[in-house]
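The values are calculated or read from the model by the stated rules, or taken from the named source; none is laboratory data. Since this is a predicted model, take the numbers as computed values, not measurements. Cβ placement follows ideal geometry from the backbone for every residue including glycine, while neighbour counts extend to all protein chains displayed. All accessible areas refer to the heavy atoms of the entire protein, side chains included, with ligands and DNA or RNA removed. Shrake-Rupley method; radii C 1.70, N 1.55, O 1.52, S 1.80 Å.
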Amino acid sequence: MLGQLIVSGLAVGACYSLLALAMVIIYKTSDVLNFAQGEMAMISTYVAFTLMESHHVPFQWAVILTFLFAILLGASFEFVFLRQAKEPTVLGLIIITLGFEMILMGFAGWKWGPDQRSLDFPVSNIETYNLFGLVMSKINFWTIVISLVLMFILFLFFRYTKVGVAMRATQQNQLAARVMGIRTKWILSFTWAISSMVGAVAGMLIAALGVLDPTMMMDPLLKSFASAVLGGMTSLPGTAVGGAMLGIIENLFGGYVSLAFKSVVAFAVIVLMLCIKPSGLLAKHYVKKV
Amino acid sequence: MLKVKNIETLYGLIMAIRGVSLEVQEGQIAAILGANGAGKTTILKTIMGLLEDQPDKGTIEFLGKRIDGKDAEEIVHLGISYVPEGREVFPELSVDENLRMGAYTRRDKKGIKEDYDRVISHFPVLSERKNQWAGTLSGGEQQMLAIGRALMTRPKLLMMDEPSLGLSPILVKEIFGITKMINAEGTTILLVEQNAKMALKISSYAFVLENGRIVAANTPDILLQDEDVKEFYLGIRSEESVKGYQRWKKKKRWR
Ligand SMILES: Nc1ncnc2c1ncn2[C@@H]1O[C@H](COP(=O)(O)OP(=O)(O)OP(=O)(O)O)[C@@H](O)[C@H]1O
Ligand SMILES: [Mg+2]
């Protein structure tokens, strides 16, 4: 029982982590909290669903096309809405993302209706694997694997590629980045594109674990926000660990204490974290020299 | 090499640069001197294309090409590099990554390697701190990193904004020594300084800036003879009474 609760909690937690990473990537670059993150992922998931369901596109092609769609969605949202804001304040930009969230939500409701659907994932959520005496559903296993692989790719990207390092540089000092010849505006669009794509993966996994409907991301978005707070809003590893922890904690709480209050755990975690260590689980600090 | 003609730069409605012209010849170390708020940093930022829609008036030419109104990215590509005031390193990138960001616009692997080695030979301490976060370096080390990072763009013209700011006298000497060496290796330098004594020592031409205007421009030996420069920038007073205070209030000639 304990093992199963941990594994299924970890699978959900991995999705929180991905969605939270998507938020943090944007927050670090522009101080903007993207409240449309969940809905962008939801729309992308519907695109995958429509491609497979109505156009009979094979799964792997549907995924690739969905990635392209997500990239385009993220970059064009930044370009069309955020960049046009005159003398933007951070608060103003956040309100724009809220507006975008409502537009997307309304669009999904109009286009696909409120029915719950299931995303045709090539991995069964009934069949199980038996690993080291631990029984886990195949979908849980693959969710964890896919999330880990994607996080590892992100790590390599930010660590070793020129564009990845330039993105971190832009986050840390925009003036200096421009002086180095980095096109910071382009980097910003790129950030939104990557974030939206990571969000789309989270969306598809969440739909595969549960159901697909226009409100499916509301709860996960709150949880991933809590995960991001656990990571101090800035640390990528902290955010990843935070999401996994949150998934496990709430699942254990649901399993042993009270299923009804399962979702409240995320709020408790946010409050606790902000009281005890607002800088986040793994936040490192450097002292700025004058 | 660099020709600035009559530029005016505005911050909103405030005019910070009021018609500045200056010229830097290839191979020179040119200096811009001036008190706090004179507009030195603003001139460099205007040249670098960092201020949107500025200069409001006037032209800037580099190697015979108009560069006013161009983006910083393009200007870096043409061969101007800028060491910002206050170093502005990327605090949570390693020293190594900071230097590599300097070569962001370049594709020539071999040239980048050469320049990397050259920077390390100027500043050996950077190689010892290679994997350390730049934010954890001392002020002096950060200044060296900022200069090294600017050199990684392989500039034809290197603009340095108060490299001596907040450094100990020994370190200031070292930085100025290396500046001279970089110049001797073929990089033209435009130096902004409050430390007029040092700047006049290594430069071959200097401009004195006050309230957004150039009020004097000459070779250092002539500027050093200038009573006003002596008094206001070097702190040397020529007329003192026996009791040790000035007998009359000196007026700047140009006001
Ligand atoms: N972003 C800005 N907005 C408005 N005014 C500015 C801005 N930056 C500089 N100024 C003003 O422009 C003038 C020139 O500033 P600048 O930074 O160029 O001076 P400086 O000569 O570099 O001084 P310091 O030696 O202190 O660095 C100052 O009066 C300053 O207040
Ligand atoms: Mg200045």
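Points to keep in mind about this one:
- Flag for residue A:67 being under 17 Å from residue A:220 (Cβ atoms) and either surrounded by fewer than 22 Cβ atoms within 10 Å (Cβ to Cβ) or of a type in the set (D, E, K, R) (or both): no
- Number of the exception - residue A:236 against (1) within 19 Å of residue A:32 (Cβ to Cβ); (2) touching a residue at least 40 places away in the same chain (Cβ under 8 Å); (3) open to solvent by less than 10 Å² (accessible area, probe 1.4 Å): (3)
- Selection from the range A:70-92 of residues that are open to solvent by 60 Å² or more (accessible area, probe 1.4 Å), without any contact (Cβ under 8 Å) to a residue 12 or more places away in the chain and in a loop (DSSP other than H, G, I, E, B): A:84, A:86, A:87, A:88, A:89
- Candidate set from the range A:180-205 (those that are in contact with a Phe, Trp or Tyr (Cβ under 6 Å, 6 or more places away or on another chain) and within 14 Å of chain B (Cβ to nearest Cβ)); member that is surrounded by the most Cβ atoms within 10 Å (Cβ to Cβ): A:180
- Unmet requirement for residue B:166, which otherwise passes all of (1) within 16 Å of ligand 1 (Cβ to nearest atom); (2) assigned to a strand (DSSP E or B): (2)
- From A:228, A:208, A:177, residue being out of contact with any Asp or Glu (no Cβ under 7 Å at 6 or more places or on another chain), within 10 Å of chain B (Cβ to nearest Cβ) and either assigned to a helix (DSSP H, G or I) or surrounded by fewer than 21 Cβ atoms within 10 Å (Cβ to Cβ) (or both): A:177
- Residue match in the range A:56-66 (condition: among the polar types (S, T, N, Q) and modelled with pLDDT of 90 or more): yes
- Qualifying residue in the range B:11-19 (condition: part of a helix (DSSP H, G or I), open to solvent by 10 Å² or more (accessible area, probe 1.4 Å) and hydroxyl-bearing (Ser, Thr, Tyr)): no
- Yes/no for residue B:51 being among the hydrophobic types (A, V, I, L, M, F, W, C), open to solvent by less than 50 Å² (accessible area, probe 1.4 Å) and assigned to a loop (DSSP other than H, G, I, E, B): yes
- Hey, residue A:170 polar (S, T, N, Q), within 22 Å of the chain's Cα centre (by Cα), surrounded by fewer than 17 Cβ atoms within 10 Å (Cβ to Cβ) and within 14 Å of chain B (Cβ to nearest Cβ) or not: no
- Yes/no for residue B:92 being away from ligand 2 (no atom under 16 Å from the Cβ), touching a helix residue (DSSP H, G or I) at 6+ places or on another chain (Cβ under 7 Å) and open to solvent by 40 Å² or more (accessible area, probe 1.4 Å): yes
- Residues in the range B:23-55 that are away from ligand 1 (no atom under 14 Å from the Cβ) and more than 14 Å from every other protein chain (Cβ to nearest Cβ): B:23, B:24, B:25, B:26, B:27, B:28, B:29, B:30.
- Number of the exception - residue B:180 against (1) within 14 Å of ligand 2 (Cβ to nearest atom); (2) surrounded by fewer than 16 Cβ atoms within 10 Å (Cβ to Cβ): (1)
- In the set (1) within 16 Å of ligand 2 (Cβ to nearest atom); (2) within 18 Å of the chain's Cα centre (by Cα); (3) at pLDDT below 90, the condition left unmet by residue B:11 is number (2).
- Scope the range B:192-214; condition in a strand (DSSP E or B), more than 13 Å from ligand 1 (Cβ to nearest atom) and crowded, with 22+ Cβ neighbours inside 10 Å; matching residues: B:206
- Of the residues making up the range A:214-225, not one is crowded, with 19+ Cβ neighbours inside 10 Å and without any contact (Cβ under 8 Å) to a residue 60 or more places away in the chain.
- Enumeration of residues in the range B:118-143 that are part of a loop (DSSP other than H, G, I, E, B), within 14 Å of chain A (Cβ to nearest Cβ) and over 21 Å from the mean Cα position of the chain (by Cα): B:129, B:131, B:132, B:137
- Per-region count, the range B:61-102, residues more than 8 Å from chain A (Cβ to nearest Cβ), part of a loop (DSSP other than H, G, I, E, B) and within 16 Å of the chain's Cα centre (by Cα): 4
- Subset of the range A:242-260 that is β-branched (Val, Ile, Thr) and under 24 Å from residue A:207 (Cβ atoms) - its residue that is least open to solvent (accessible area, probe 1.4 Å): A:248
- Residue that is within 16 Å of ligand 2 (Cβ to nearest atom), more than 21 Å from residue B:163 (Cα to Cα) and in contact (Cβ under 8 Å) with a residue 12 or more places away in the chain, where the choices are B:17, B:67, B:112: B:17
- Selection of the range B:144-162 for residues being within 12 Å of ligand 1 (Cβ to nearest atom) and away from chain A (no Cβ under 11 Å) yields only B:162.
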